[in-house]
Protein chains: 2
Amino acid sequence: MKIITISREFGSGGREFGKRLADILGYAYYDREIINAIAENRELNEGYIEKILENGLLNNYPLKFGRTFSYGTVMAQHNMTKILVEQQKVIKDIASKSNCIIVGRSANIILRKYNPLNLFVYADIKSKIERCRKYGDDKELLSEKELIKKIKQVDKGRARHQELLTDIKWGNKEGYDLCINTTGLEIKELAPVIAEYAKYRLGGNYK
Amino acid sequence: MKIITISREFGSGGREFGKRLADILGYAYYDREIINAIAENRELNEGYIEKILENGLLNNYPLKFGRTFSYGTVMAQHNMTKILVEQQKVIKDIASKSNCIIVGRSANIILRKYNPLNLFVYADIKSKIERCRKYGDDKELLSEKELIKKIKQVDKGRARHQELLTDIKWGNKEGYDLCINTTGLEIKELAPVIAEYAKYRLGGNYK
């Protein structure tokens, strides 16, 4: 199978990029679907899992919450471990089924032995704020300061998630085949160009 | 003018990549030529300038050389500053003449206000060693350990050179439009694909 993983900074257009790339190449596309699949298997609330995955699995709970919080923490971490294991199974399952693009969820690391093409999508902070304002769910609720904080927090969670699996740091170019700066670009125009690169790297058989 | 700058890790094939890209796009190509031009203007020995530029301009000379070395150090730093200024002039001059590709010499920073397309070319250490063995001038003279040391030293010099001009760190993806991992790739096959990306970014008028 041909596998493309897309890691991305929050607000850089990685999800749209992944979808368009999948369309052009005729690949299956996954991001939140993976989470849904896990949720189905584990009968856990999807939003809960989503939150855990975005925040990382070994989140350091602030000590100031004191002892009363400890049992909850232990349970949360227990659930997190289960989710991580399940997530890996789902990702490997997906990758074995058909050519696919997987956005996020450290799929670049989880699928390493299948030799995926690993892309990283990033942008400058101004561009990410603009994108969040345009497409984000909570675009009208957050101040600029809050938005910047959110962007940083989400990316920190992603970095932490990858840290559980490998020493290769999230976002360091060494871990990717191509790092794409989307600042000021239309994803719609960028995707076909990068699709050509993907074809060169992964070889024939496209619709 | 359309300008592409290529920054690259030593041994990653950046120079060959730049030449092939220039060929495909019909752009003028520069790397060592810049140095030659400086040398001509300043009537300084080319090898000397090359060495200074590779090692960075404000190299910290070891104190153990003692006082007798101090005058030389001061003079060397004086010359370095002159060379840096001259180098910037030459690079700006080149960029104003025709569409061009400039490899190295912090041209991405020097030409910032002309909005160049900035590429970074890198590879894993194994791949860089192989490339040095295949194409390097001193391939048969250095042990693997010495070669790794050389690779690191050259890149350190490049990072230091850029440090003189900007806070943007050499090799951090944020400073580039596209970061290209050449590990295991044939530059000859990679270049036409990236040329398509360059056309998309810089627009029409190619031979």
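List of remarks:
- The mean accessible area for residues of the range A:77-139, using a 1.4 Å probe and ignoring ligands and nucleic acids, is 46 Å² per residue.
- Between chain A and chain B, roughly 1800 Å² of accessible surface gets buried, counting both sides and using a 1.4 Å probe.
- For GluC sites (Glu not before Pro), the sites in the range A:129-177 that DSSP calls loop and that have at most 11 other Cβ atoms within 10 Å are A:140.
- Orientation-averaged projected area, Cα convex hull of the range B:119-189 (nm²): 5.5 nm²
- Applying both filters, DSSP loop and at most 15 other Cβ atoms within 10 Å, to the trypsin sites (Lys or Arg not before Pro) of the range A:86-162 gives A:139.
- Residue-count net charge about residue A:201 - beta-carbon cut-off 12 Å; Lys, Arg +1, Asp, Glu -1: -2
- The contact residues of the range B:180-198, meaning those that lose at least 40 Å² of 1.4 Å-probe accessible area when all protein chains sit together rather than their chain alone, are B:181, B:185, B:193, B:197.
The values are calculated or read from the model by the stated rules, or taken from the named source; none is laboratory data. All figures in this text were calculated on a predicted structure; none of them were measured in a lab. Don't worry about glycine lacking a Cβ; one is built from the backbone with ideal geometry, like all the others, and counts go over all protein chains shown. Each accessible area value is taken on the protein alone, full model and side chains, heavy atoms only, with ligands, DNA and RNA left out. Shrake-Rupley method; radii C 1.70, N 1.55, O 1.52, S 1.80 Å.
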